[in-house]
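Chemist: Following this message is one structure expressed as structure tokens.
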Amino acid sequence: MQPRMIPSRPVTPSPARRSRAARLVAAVGLAVSTVVGGVAFGTGAQAADNPYERGPAPTNASIEATRGPFATAQTSVSSLVTGFGGGTIYYPTDTSQGTFGAIAISPGFTARWSSLSWLGPRLASQGFVVIGIETDSIYDQPDSRGRQLLAALDYLVQSSSVRSRIDSSRLAVAGHSMGGGGTLEAAASRPSLQAAIPLAPWNTTKNWSGVRVPTMIIGGESDTVAPVSSHSEPFYTSIPASSEKAYMELNGASHFFPQTSNTTMAKYMISWMKRFIDNDTRYDQFLCPAPRSTAIQEYRDTCPHA
């Protein structure tokens, strides 16, 4: 089946996007240099303009790899914590580059973190602190999962053993199925989040016009549990065009595509998180223009990013 590509379209930046743009002048620094005796020397503007950039310049190979440039470690979180059911934290061991952004991820209905655990070290090795949560009950609904994602982020930055490694201003959420629905709930209730990625999201609420957080929704073409026609697509459409957003539909994928290692999903999760948690414009190349791959059935985006 040939992928149907929906052309990217420019949008007029909202005040929030213009504010982000003011912080992202780093792109200019990429092209600034001084030539002395035929040798180009960087001015250092890029590093000064974007203090959040972590790791080497990305390539297709580097973001498709099962492990990124950072060595990682992990630690368990007790189920006795307040606000969520415990879980596992994955984090870069390198402390030489400063603090990292953090991501909380929720599993879906009846599932545990083990169903998504491959994502923890994969994302952490790209330069993030990741907490994969256990929910208070495996039957928790999306609104509860959204509150638990936020509680997990609060725990990470306030009480966890890795709190000194985290920049509390650069936080994000993700989740699968009802955890994806919870991701939208969290994004709607905490607009200070830097990014959100619902995976095959399920929610009875279809209108997310209040979401201002940069959100990438990833759905599966053959999902019969949360069909994209009644979940992912209307969720995406309802988010205002003034907000950064993207919709990716994986070719032939079922509802359970996040539960096994998925290079396409991981590649674009990394790119979106790097772009909006780290303000790293080096990752724009993977998001704009629309990526072309036989693994992608459809892609929409509010390119170019402000």
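Chemist: From the set of residues in the stretch 268-306 that are touching a Pro at 6+ places or on another chain (Cβ under 9 Å), more than 17 Å from residue 213 (Cβ to Cβ) and among the polar types (S, T, N, Q), which is surrounded by the fewest Cβ atoms within 10 Å (Cβ to Cβ)?
Modeler: 294
Chemist: A further question follows. For residue 121, work out the one condition from (1) surrounded by 24 or more Cβ atoms within 10 Å (Cβ to Cβ); (2) within 24 Å of residue 177 (Cα to Cα) it doesn't fulfil.
Modeler: Of the numbered conditions (1) surrounded by 24 or more Cβ atoms within 10 Å (Cβ to Cβ); (2) within 24 Å of residue 177 (Cα to Cα), the odd one out for residue 121 is (1).
Chemist: So residue 237 passes all but one of these: (1) more than 18 Å from residue 122 (Cα to Cα); (2) assigned to a helix (DSSP H, G or I); (3) within 16 Å of the chain's Cα centre (by Cα); (4) of a type in the set (Ser, Thr, Tyr). Which condition number does it fail?
Modeler: (3)
Chemist: Follow-up question, since we're still on this one. Which one of these does residue 161 not meet: (1) assigned to a helix (DSSP H, G or I); (2) closer than 28 Å to residue 71 by Cβ; (3) out of contact with any helix residue (DSSP H, G or I) (no Cβ under 9 Å at 6 or more places or on another chain); (4) touching a residue at least 12 places away in the same chain (Cβ under 8 Å)?
Modeler: Status for residue 161: all satisfied but (1).
Chemist: Can you find even one residue in the stretch 259-279 that is more than 30 Å from residue 52 (Cβ to Cβ) and either of a type in the set (Gly, Ala, Ser) or modelled with pLDDT of 95 or more (or both)? Steps first, answer last, please.
Modeler: Start the filter on the stretch 259-279 by keeping residues that are more than 30 Å from residue 52 (Cβ to Cβ), which leaves 259-260.
Those still in the list that are either of a type in the set (Gly, Ala, Ser) or modelled with pLDDT of 95 or more (or both) too: 259-260.
So far as the stretch 259-279 goes, yes, one or more of its residues are more than 30 Å from residue 52 (Cβ to Cβ) and either of a type in the set (Gly, Ala, Ser) or modelled with pLDDT of 95 or more (or both).
Chemist: Oh, and also: Note down all Cβ pairs under 8 Å where the first residue falls in the stretch 292-306 and is closer than 16 Å to residue 281 by Cα and in contact (Cβ under 8 Å) with a residue 12 or more places away in the chain, the second is surrounded by 20 or more Cβ atoms within 10 Å (Cβ to Cβ) and among the acidic types (Asp, Glu), and they're at least six residues apart or on different chains.
Modeler: Filtered contacts from the stretch 292-306: 302/244; 305/244; 306/244.
Chemist: Touching a residue at least 60 places away in the same chain (Cβ under 8 Å) and touching a Ser or Thr at 6+ places or on another chain (Cβ under 6 Å): is that true of residue 132 in this structure? Even if it seems obvious, please write down each step before you answer.
Modeler: Working: touching a residue at least 60 places away in the same chain (Cβ under 8 Å): no; touching a Ser or Thr at 6+ places or on another chain (Cβ under 6 Å): yes.
So residue 132 does not fit the description; no.
Chemist: Would you pick out the residues in the stretch 174-190 that are touching a residue at least 60 places away in the same chain (Cβ under 8 Å) and either β-branched (Val, Ile, Thr) or outside any helix (DSSP H, G or I) (or both)?
Modeler: Within the stretch 174-190, 174, 175, 176, 177, 183 meet the criteria.
Chemist: Looking at the stretch 49-61, is at least one residue among the small types (Gly, Ala, Ser), more than 19 Å from the chain's Cα centre (by Cα), at pLDDT 95 or above and under 21 Å from residue 170 (Cβ atoms)?
Modeler: The answer is no; no qualifying residue exists.
Chemist: Take residue 177 and tell me if it is buried (at least 23 other Cβ atoms within 10 Å of the Cβ) and of a type in the set (Ser, Thr, Tyr). Full working, then the answer.
Modeler: Numbers: buried (at least 23 other Cβ atoms within 10 Å of the Cβ): yes; of a type in the set (Ser, Thr, Tyr): yes.
Judged against the criteria, residue 177 is a match.
Chemist: Another question about this same structure. Pull up the stretch 250-306, narrow it to residues that are of a type in the set (D, E, K, R) and touching a strand residue (DSSP E or B) at 6+ places or on another chain (Cβ under 9 Å), then point me to the one that is farthest from residue 198 (Cα to Cα). Working first, answer last.
Modeler: We begin by selecting, within the stretch 250-306, every residue of a type in the set (D, E, K, R); these are 267, 274-275, 278, 280, 282, 284, 292, 298, 300-301.
Retained after the next criterion (residues that are touching a strand residue (DSSP E or B) at 6+ places or on another chain (Cβ under 9 Å)): 274-275, 278, 292, 298, 300-301.
Working: 274: 16, 275: 16, 278: 19, 292: 21, 298: 16, 300: 15, 301: 15 Å.
That would be 292.
Chemist: Another question, then. Tell me, which residue of the stretch 141-152 that is of a type in the set (D, E, K, R) and surrounded by fewer than 23 Cβ atoms within 10 Å (Cβ to Cβ) is farthest from residue 63 (Cα to Cα)? Give the derivation first.
Modeler: Narrowing the stretch 141-152 to residues of a type in the set (D, E, K, R): 143, 145, 147.
Adding the requirement that they be surrounded by fewer than 23 Cβ atoms within 10 Å (Cβ to Cβ) leaves 143, 147.
On the way: 143: 32, 147: 30 Å.
The selected residue is 143.
Chemist: Would you tally the residues in the stretch 46-95 being in contact (Cβ under 8 Å) with a residue 60 or more places away in the chain and either among the aromatic types (Phe, Trp, Tyr) or assigned to a loop (DSSP other than H, G, I, E, B) (or both)?
Modeler: 16
Chemist: Of everything in the stretch 154-169, what is crowded, with 24+ Cβ neighbours inside 10 Å and within 20 Å of residue 198 (Cα to Cα)? Give them in sequence order.
Modeler: none
Chemist: Residue check, residue 129 against (1) surrounded by fewer than 24 Cβ atoms within 10 Å (Cβ to Cβ); (2) under 14 Å from residue 76 (Cα atoms), all met but one. Which one?
Modeler: Tallying (1) surrounded by fewer than 24 Cβ atoms within 10 Å (Cβ to Cβ); (2) under 14 Å from residue 76 (Cα atoms), residue 129 fails exactly one: (1).
The values are calculated or read from the model by the stated rules, or taken from the named source; none is laboratory data. Keep in mind that what you see is a predicted model, and the values were worked out from it rather than measured. As a convention, Cβ positions derive from the backbone with ideal geometry for all residues, glycine included, and neighbour counts pool all protein chains shown.
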